[in-house]
Amino acid sequence: MDIIPHPLLLDIVRRVAHHGFRELGSLIASGPDFMAMVFDRSVLAEADIDEFVFVTFHANVDSIYRSFFLRCLECGNPDAQFVEGLRLAVAEGPSQLSVDLLRAACPTSIYARFSLGLILVCSGRYDEGMQAMEAFFSCIPSKEAAVSIAEMVLHQTATFRLPRSGLFDHTFVFGYELPHCYLNNNNVEDLCRRCFVYYFAIRFQELC
Ligand SMILES: [Zn+2]
């Protein structure tokens with residue numbers, strides 16, 4: 001340890017973190033020097049925490065991984081910002097903190113882009129929500145890809161395994177008229193963008 005320069009060691013730890021946060025466990029256990037490097041801002045900001053993204057209940061307040069997750073969040077890890085933004089919405093309903101976290105994660109997380117639009121629409125902020133949805137659609141190659149991301153966000157929402165609270169039941173508004181093609185279509189890929197948002201927003205509201 002004494003013969004390898006600290007910046008080089010830190011770079012090695014950063015590369016290990018890119019392979020998944022569980023890889024860091026043995027480094028944390030190996031002693032205070034490596035533990036300090038694992039918890040270095042530059043390591044946690046870009047650590048691979050996909051496991052939290054796809055098994056979202058690991059980020060819940062009663063999870064044994066919560067304190068590690070919060071460290072990643074404090075270091076600005078965009079996947080942590082996405083998961084915490086979504087968790088706050090599901091657990092506590094509409095909030096500016098949830099929106100701010102999702103917005104911060106947007107440049108690197110396509111799930112955050114979709115969730116931001118979805119949660120704004122469900123919070124009664126229709127115009128802002130549709131603007132965020134247009135930004136989401138502009139990053140997506142096809143309607144098929146948009147559907148798979150939207151379905152994943154609903155899966156991530158359900159995977160928190162939080163009890164239904166009905167917190168969005170009275171805030172969800174959808175413009176001034178019922179989405180037209182939603183009423184005449186069975187295939188989600190054939191919906192216009194507005195009806196696409198409506199279809200996923202009512203499903204999100206029902207999950208929360
Ligand atoms: Zn339509």
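Quick one: what are the phi-derived ³J(HN,Hα) couplings along segment 20-27, Karplus 6.51/-1.76/1.60 with θ = phi - 60°, whole Hz, x for glycine and proline?
My calculation for segment 20-27 gives x, 5, 5, 4, 7, x, 5, 5 Hz in order.
Report, in debye and to the nearest 20, how large the dipole of segment 78-128 comes out about its Cα centre when Lys and Arg carry +1 and Asp and Glu carry -1 on their Cβ.
80
For ALA158 and CYS139 in one chain, what is 0.36 nm times their gap in residues minus the Cα-Cα distance, to one decimal in nm?
Contour length minus Cα-Cα distance gives 4.4 nm.
Using a 10 Å cut-off on Cβ atoms, rank the peptides 41-49, 11-19 from the highest mean neighbour count down.
Final packing ranking: 41-49, 11-19.
Around ALA112, with a cut-off of 10 angstrom between Cβ atoms, what is the net charge of the other residues, counting Lys and Arg +1 and Asp and Glu -1?
+1
Please say if segment 132-208 is rounded, prolate or oblate, where rounded means a/c under 1.5 for a ≥ b ≥ c the square roots of the C-alpha gyration tensor eigenvalues, and otherwise the choice is prolate for a/b larger than b/c and oblate otherwise?
It comes out oblate by the Cα gyration axes.
Ordered by residue, what ³J(HN,Hα) values in Hz, to whole numbers, does segment 47-53 give under the Karplus form 6.51 cos²θ - 1.76 cosθ + 1.60, where θ = phi - 60° and Gly and Pro are x?
Here the 3J(HN,Hα) series is 5, 7, 10, 3, 4, 6, 5 Hz.
Kindly rank 118-127, 189-198 from highest to lowest mean number of other beta carbons found within 10 Å of each residue.
For the peptides 118-127, 189-198, the packing ranking is 118-127, 189-198.
Compute a Gaussian network model of the chain, connecting alpha carbons closer than 10 Å, and tell me which residue from ASN60, ASN186, ASN77 fluctuates the most.
Fluctuation is largest for ASN186.
We did not get these values from a lab; they are worked out from the coordinates using the rules stated. As the structure is a prediction and not an experimental result, all values here were calculated from the model. Every residue, glycine among them, receives a Cβ derived from its backbone with ideal geometry; neighbour counts consider all protein chains shown.
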